[in-house]
Amino acid sequence: MSSHKHKSDKENRLSEKELIESSRKLTKKYRITDGRKFRLKDYDTQDDLGLGDKEEETAKGILKLGVETLSKMQDILYAQDKWALLLIFQAMDAAGKDGAIKHVMSGINPQGCDVTSFKAPNSEELNHDYLWRCMKHIPERGRIGIFNRSYYEEVLVVRVHEEILALEKIPEQLITKDIWEERFTDIKNFEKYLNRNGVMVVKFFLNVSKKEQKKRFLDRIDNPDKNWKFSLSDVTERKYWNKYMKAYEEMIENTATEKSPWYIVPADNKSYARIVVASAIIQAMESMKLEYPVVDEQKRKELKKVKEELLSEE
């Protein structure tokens, strides 16, 4: 009976081709490539597979397949050594950025992936332009780079708290009413530059509701094992919720492009959110047309000679 069940499970598994097609269909409604008509209110924070009691179990199974597929794709990305992939995660506190990165990238070879978390800039970083500290962590060819927060903080937290601009030592005459539009332009141009040099940029906004954020904050307070996750500053920033939502909307509206899209991920359901993130990454890597390098005739002759030598050893 157990062998029959094993056979059924195997038969029901999606092929890699089917998984890639499913990921394309799933992510289509969350992908923003032209923000001119984007309105955040049009995107729900809650979504699911519609499977009721089987939702959680099925979601875990789908994510496992996605992780396996990403692992294979990353191996080819590394071997091909032409493309680089930059994944950017932005969200309100407790939206699930850390969990999404942990679970979706769990099958990735650490040698081919780097995660950078950006906190408030230090004194050295404040003595440079705001893109400087992120530029240093752009992934090499063949690698995946993950930004947990990024240069987008400059049009989010800095915009909500404009007093931070004074700390950035920017000449006063450069801080005009157009500074946010100028930063949007600079960011779009920077990402276009990366695109033209083989760095694909995929951006995620984990769209959590204010109600769900409150629930997660309370969980962090009530659960001793999660106390370390809680920061009083998180609650302080929550008071600026509406300002942040407006800033996020204008950020996405002004920086979503075909080659550097935003994905508005419904984040109230963590399991579903992780499937959306994995699917979007699969789509990005599929578009790279990844292939293992093909060795030339001379190299094959060398390999044949080495093989013969190894086989002839006693």
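The values are calculated or read from the model by the stated rules, or taken from the named source; none is laboratory data. As the structure is a computational prediction, the values presented were derived from the model and not from experiment. Here the Cβ is made from the backbone with ideal geometry for all residues, glycine too, and neighbour counts use every protein chain on show.
Points worth noting:
- Being more than 25 Å from Ala79 (Cβ to Cβ) and at pLDDT 95 or above is a property that Asn227 lacks.
- So Leu167, is it modelled with pLDDT under 95 and either in a loop (DSSP other than H, G, I, E, B) or not β-branched (Val, Ile, Thr) (or both): yes
- Residue count for the range 1-50 satisfying the condition of being outside any helix (DSSP H, G or I), of a type in the set (S, T, N, Q) and either at pLDDT 95 or above or farther than 17 Å from Ser279 by Cα (or both): 3.
- Some residue of the range 265-272 being at pLDDT 95 or above and of a type in the set (Lys, Arg): yes
- Residue in the range 84-100 that is farthest from Lys289 (Cα to Cα), counting only those that are surrounded by fewer than 21 Cβ atoms within 10 Å (Cβ to Cβ) and not small (Gly, Ala, Ser): Asp93
- Matching residues in the range 203-233 - criterion: being among the β-branched types (Val, Ile, Thr) and farther than 16 Å from Gly99 by Cα: Ile221
- Taking the criterion of being of a type in the set (Lys, Arg) and either surrounded by 14 or more Cβ atoms within 10 Å (Cβ to Cβ) or touching a Cys at 6+ places or on another chain (Cβ under 8 Å) (or both), the residues of the range 136-191 that qualify are Arg141, Arg143, Arg149, Arg159, Arg183, Lys188.
- Any chance Asp53 is at pLDDT 95 or above and either among the acidic types (Asp, Glu) or exposed (fewer than 15 other Cβ atoms within 10 Å of the Cβ) (or both): no
- Within the option set Lys289, Lys304, Lys246, being farther than 30 Å from Leu40 by Cα, in a helix (DSSP H, G or I) and free of Cβ contacts under 8 Å to residues at least 40 places away in the same chain holds for one residue only, Lys304.
- Looking only at residues in the range 56-83 that are of a type in the set (A, V, I, L, M), surrounded by 15 or more Cβ atoms within 10 Å (Cβ to Cβ) and in contact with a Phe, Trp or Tyr (Cβ under 9 Å, 6 or more places away or on another chain), the one that is modelled with the lowest pLDDT is Ala59.
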